[in-house]
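Laboratory data are not the source of any read-out in this text; all were calculated from the coordinates shown. Keep in mind that this is a model prediction, so the values were computed, not measured. We place every Cβ from the backbone using ideal geometry, glycine too, and count neighbours over all the protein chains shown.
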Amino acid sequence: MNKSLALVGNPNAGKTSLFNILTGTRQYVGNWPGVTVEKKEGLIKKLPEYVLVDLPGIYSLSAQSLEEQLAVTYLLKESPHTLINIVDASNLERNLYLSVQLLEMGLPSVICLNMMDIAKDRGLQIDIPALAKILGAVVVPMVARKANGHDKLIDLLREGVQNATLTVPYPTEVEAAIRDLDTLLASSPWNFRTSRRWLALMWLEGNETVEEILRHQLPAELIQQMEAVRAAYPAAIEHRIRNARYDFIEKIICEVTQQSQNPAGRTWS
Ligand code: GDP
Ligand code: K
Ligand code: MG
């Protein structure tokens, strides 16, 4: 297993700010294989056994953009030891879509809830223990560019982070397709570190990057059986999966956030 820590998040969530503060001058800049997108890796002084990788900014794992394709390939093929998902607390709803997809992978994951200064200025209150409970992952509040929250993150990484266990509820017929694929994948000779549920979801959503990797790794007969499962379900299954995730996120936002009408430090005239 690759002893790497992958820094994943939306563009402008604060990944590079956190990366720079954690690694200082111990950075190496190269390119992602085959493309001219910059790949930054670095070492954390207090965690010498790991390499920290700054992944390209992405909004989802849907593998539509080059950045998403690079990130999905890295996550599946390199299988980082732990995911550090940096979330912009001031754009929680949008950022959580990626978080949910990442947590569904089932790898050890920490959520850094960044931009807490902006959220606070805007009067947004986030119940962090409640968020952590719903997501089934540790949540570290952070102001990345002021190195606020970094020590807590390092302590957590040193102690070792649990596998993510988030299970988003999907409509009954989607769950049935997931179960069929899960059974097929369980018989596969390839040893996955990601959850089979996540692979099943990516397969049903028609994620081309995941599909290509599975086609290389799995016997042709198994792929045919997986194709038959997908073909048996309605064409719009990817929309139903996406909508279920959005519903789930809407519920989270409703439960864990509160918007004060008169943010501290501001007066309305
Ligand atoms: P990346 O695209 O995820 O790598 O994000 P960057 O690290 O480049 O950050 C995007 C912008 O947000 C930069 O201008 C940072 O200085 C700023 N930034 C990062 N973290 C914070 C934070 O916690 N609070 C505030 N107010 N700004 C931040
Ligand atoms: K940026
Ligand atoms: Mg960056």
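Legend: ranking of residues 170, 97 from fewest to most surrounding C-beta atoms inside 10 Å; resulting order 97, 170. Comparing 195, 17, 187 in a Gaussian network model of the chain (Cα springs below 10 Å), the most mobile by mean-square fluctuation is 187.
Straight-line cross-link reach from residue 146 at under 22 Å between alpha-carbon atoms covers these lysines, not counting any fewer than eight positions away in the same chain: 15, 40, 45, 46, 120.
Placing +1 on each Lys and Arg Cβ and -1 on each Asp and Glu Cβ, with no other charges, gives segment 148-269 a dipole about its Cα centre of roughly 320 debye. Footprinting exposure proxy ranking of 19, 248, fewest other C-beta atoms within 10 angstrom first, gives 248, 19. The order of 113, 201, going from fewest to most other C-beta atoms within 10 Å of their C-beta, is 113, 201. Of all DSSP-defined beta bridges confined to the chain, some 45% are antiparallel rather than parallel.
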